[in-house]
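For reference, the structure discussed in these notes is given below.
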Amino acid sequence: RTRTCGENVLYLAIEDLYPVAPGHTLVIPKTHSRDFTECNPGTLTALGSFLHEQVERIKRETGCDAVNVGTNIGEAAGQTVFHTHWHLIPRWDGDTDAPIGGIRKVLDGNGEY
């Protein structure tokens, strides 16, 4: 059973069914769009405050040190669910040997500076 973590008129936040870390959350617009590029402007305008609210909740509930926020746009980028959503993934100091580069590491060999 999925836990609803937050909700407003435009967005729903739920626990990811296949979390990569405790507290991994999905932020999903209630109006359908295939990906971020198809969201209507009103939905995108409200995104920042809802993401902020959810990141703060995740930090409070998990005690994490940081959070990755990301979305996949298109199949080549790894999108498998074709309804816009953002992943909020809690991170802890030491949870990986070299976190430098963050999401840049999705392509092998990148992220090291």
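You will find that of Thr25, Thr37, the residue that is touching a His at 6+ places or on another chain (Cβ under 9 Å) and either touching a residue at least 12 places away in the same chain (Cβ under 8 Å) or on the phi > 0 side of the Ramachandran plot (or both) is Thr25 and no other. When we screen Leu44, Leu17, Leu12, Leu88 for residues that are of a type outside the set (Gly, Ala, Ser) and open to solvent by 60 Å² or more (accessible area, probe 1.4 Å), the only hit is Leu17. State whether the residues of the stretch 90-103 include one that is in contact with a helix residue (DSSP H, G or I) (Cβ under 7 Å, 6 or more places away or on another chain), assigned to a loop (DSSP other than H, G, I, E, B) and of a type in the set (A, V, I, L, M). Looking through the stretch 90-103, none of the residues is in contact with a helix residue (DSSP H, G or I) (Cβ under 7 Å, 6 or more places away or on another chain), assigned to a loop (DSSP other than H, G, I, E, B) and of a type in the set (A, V, I, L, M).
Residues that are of a type in the set (Asp, Glu) and open to solvent by less than 40 Å² (accessible area, probe 1.4 Å) occur in the stretch 32-41; there is at least one.
Glu61: free of Cβ contacts under 8 Å to residues at least 12 places away in the same chain and closer than 18 Å to Gly6 by Cα, yes or no?
For Glu61, the condition - free of Cβ contacts under 8 Å to residues at least 12 places away in the same chain and closer than 18 Å to Gly6 by Cα - is not met.
Within the stretch 91-111, is even one residue surrounded by 11 or more Cβ atoms within 10 Å (Cβ to Cβ), on the phi < 0 side of the Ramachandran plot and in contact with a Leu (Cβ under 8 Å, 6 or more places away or on another chain)? No: the stretch 91-111 contains no residue that is surrounded by 11 or more Cβ atoms within 10 Å (Cβ to Cβ), on the phi < 0 side of the Ramachandran plot and in contact with a Leu (Cβ under 8 Å, 6 or more places away or on another chain). Evaluate the following for Val27: is it under 21 Å from Thr2 (Cβ atoms) and exposed (fewer than 13 other Cβ atoms within 10 Å of the Cβ)? Taking the combined requirement at face value, the residue does not satisfy it.
The values are calculated or read from the model by the stated rules, or taken from the named source; none is laboratory data. None of these values were measured; they are calculated from a predicted model. Backbone-built Cβ (ideal geometry, glycine too); neighbour counts: all protein chains shown. The protein model used for the area step is the full one, side chains on, heavy atoms only, and it has no ligands, DNA or RNA in it. Shrake-Rupley method; radii C 1.70, N 1.55, O 1.52, S 1.80 Å.
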